[in-house]
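Worksheet for the structure shown next.
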Amino acid sequence: MRHLLAIEGMHPPHIAALLDLAESYVLLNRSGQTPRDRLRGRTLINLFFEDSTRTRTSFELAGKRLGADVINMTVATSSVNKGETLLDTAATLNAMNCDLLVVRHGASGAPALLAQKVDAGVINAGDGTHEHPTQALLDALTIRRHRGTLENLTVAICGDVLHSRVARSNIHLLMAMGARVRVVGPKTLMPGAVERLGAAVFHDMAAGLADADVVMMLRLQQERMARGLVPSAREYFRFYGLDAAKLAAARPGALVMHPGPMNRGVEIDSAIADHPQQSVIREQVEMGVAVRMAVLDVLSRGVGNA
Ligand code: CP
């Protein structure tokens, strides 16, 4: 494995092996005994053209816990502002002998394009509305730790599916691993051919959440909406925001997930987001570090001379 660009096309045994390795990193992280020689002498560059808290920070932590030299490039203060292209920026970083390049970009396909041009292993940290593969892996690890398996679980992915790279990666991964996937949201926020990915489509929360094992809420991505696709945040919450009444349709004890950042009171009620038994949103963040360590570990074997 040289790059991680998408979940689509990944084979289930490879997904399971990455999750198993990530599981071992959860334990090492908790014990403080991470193998800091694993990526010693390797350089990891975080190249984020879009905002991030969780993904950028956890890739930085993951790299440091494995002993890599980690550089966070701040695009806002880089020569991108002087007109340097994405490819020239990547070629410049490549010339510094970087081993792993973590890329977030607003354009779908940007990390795949870079992967053709650089020697470094490229990791997609979210590209446009296409994919966010490490998010799906950390979500899968979180679910698997609670339910033991992904097979035959019913997962309802709710909200702004249209703009969500998280939804796309999760649909591919969960379907590959034998889960039943539903997407739930208003017609205006549902991509045209979503059924072709294998998910069942619902426009009503009570029907979509009925007997679900996992309820995964999505952020309303106002920044990607050229026109108003929802009447108002208040109305959106009334019909699609997760509160106790809507969650009651799911299986008792259903897991509640959200990739973050959350818009409380828009996609999810605070009492549900912070529910001590059912919300695993904080745990998703912890799993993010372990999953990214596993990905860096595996990819570092495919680049340079490791
Ligand atoms: N879930 C996620 O990608 O969060 P960030 O945008 O904070 O990285």
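The values are calculated or read from the model by the stated rules, or taken from the named source; none is laboratory data. Note that this is a predicted model, so its numbers are computed, not measured. With ideal geometry, Cβ positions are generated from the backbone for all residues, glycine too; neighbour counts draw on all protein chains shown. Areas reflect the complete protein model, heavy atoms only, side chains present, ligands, DNA and RNA absent. Shrake-Rupley method; radii C 1.70, N 1.55, O 1.52, S 1.80 Å.
Couple of notes before you dig in:
- Per residue convex hull volume, Cα atoms of region 1-63, in Å³: 118 Å³
- FRET efficiency, 1/(1 + (r/R0)^6) with R0 41 Å, evaluated for His146 and Asp69 via beta carbons: 0.70
- Take every DSSP beta bridge whose two residues both sit in the chain; close to 5 percent of them are antiparallel.
- With all protein chains kept in place, the per residue accessible area of the chain amounts to 42 square angstrom at a probe of 1.4 angstrom.
- Rounded, prolate or oblate (a/c below 1.5 giving rounded, otherwise prolate when a/b exceeds b/c) for region 220-288 by Cα gyration tensor: oblate
- When Rg and the Kirkwood radius Rh are both evaluated on Cα atoms of region 149-195, their ratio Rg/Rh stands at 0.97.
- Region 84-130 - Debye-derived log10 I(q)/I(0), Cα point model, q = 0.15, 0.18, 0.30 Å⁻¹: -0.32, -0.46, -1.16
- Range of Cα positions in region 1-119 per principal axis (Å), largest first: 45, 31, 26
- Cα gyration tensor shape for region 113-177, rounded if a/c is under 1.5, else prolate or oblate: oblate
- Percent accessible area from carbon and sulfur atoms, the chain, protein chains only, probe 1.4 Å: 50 percent
- Shape call, region 99-235: gyration tensor on alpha carbons, a/c limit 1.5: oblate
- The share of C-alpha pairs in the chain whose separation exceeds 35 Å stands at 18 percent.
- Rounded to 10°, Cα long-axis angle of helix 54-65 versus longest principal axis of the chain: 40 degrees
- Working note: Debye formula, equal point scatterers on the alpha-carbon atoms of region 35-96, no solvent; log10 I(q)/I(0) at q = 0.15, 0.21, 0.23 Å⁻¹ is -0.51, -0.87, -0.97.
- Positive dipole terminus of the chain, leading residue within Ala90, Ala112, Met205 (C-beta point charges): Ala90
- Relative to the current alpha-carbon distance between Gln222 and Glu23, full extension at 0.36 nm per residue lengthens the span by 68.2 nm.
- Pairs of alpha carbons in region 152-306 separated by more than 24 Å make up 34% of all such pairs.
- Relative contact order of region 55-196: 16 percent, from C-alpha pairs under 8 Å at least 6 residues apart in sequence.
- The loop-placed trypsin sites (Lys or Arg not before Pro) in region 209-248, going by DSSP, that have at most 11 neighbouring Cβ atoms within 10 Å of their Cβ come out as Arg227.
- With respect to the chain, whose longest principal axis is taken over its alpha-carbon atoms, helix 165-176 is tilted by about 80°.
- Relative to one another, the C-alpha centroids of region 181-250 and region 51-116 are positioned 32 Å apart.
- Helix 281-300 and the long axis of the chain differ in direction by around 30°, with both axes built from C-alpha atoms.
- Electrostatic dipole magnitude of the chain [Cβ: Lys, Arg +1; Asp, Glu -1; Cα centre; debye, to 20]: 160 debye
- Only the Cβ atoms of Lys and Arg (+1) and of Asp and Glu (-1) were treated as charged; on that basis the dipole of region 166-268 about its Cα centre amounts to roughly 200 debye.
- Segment Arg54-Ala107, length gained on full extension (0.36 nm per residue, minus Cα span): 17.1 nm
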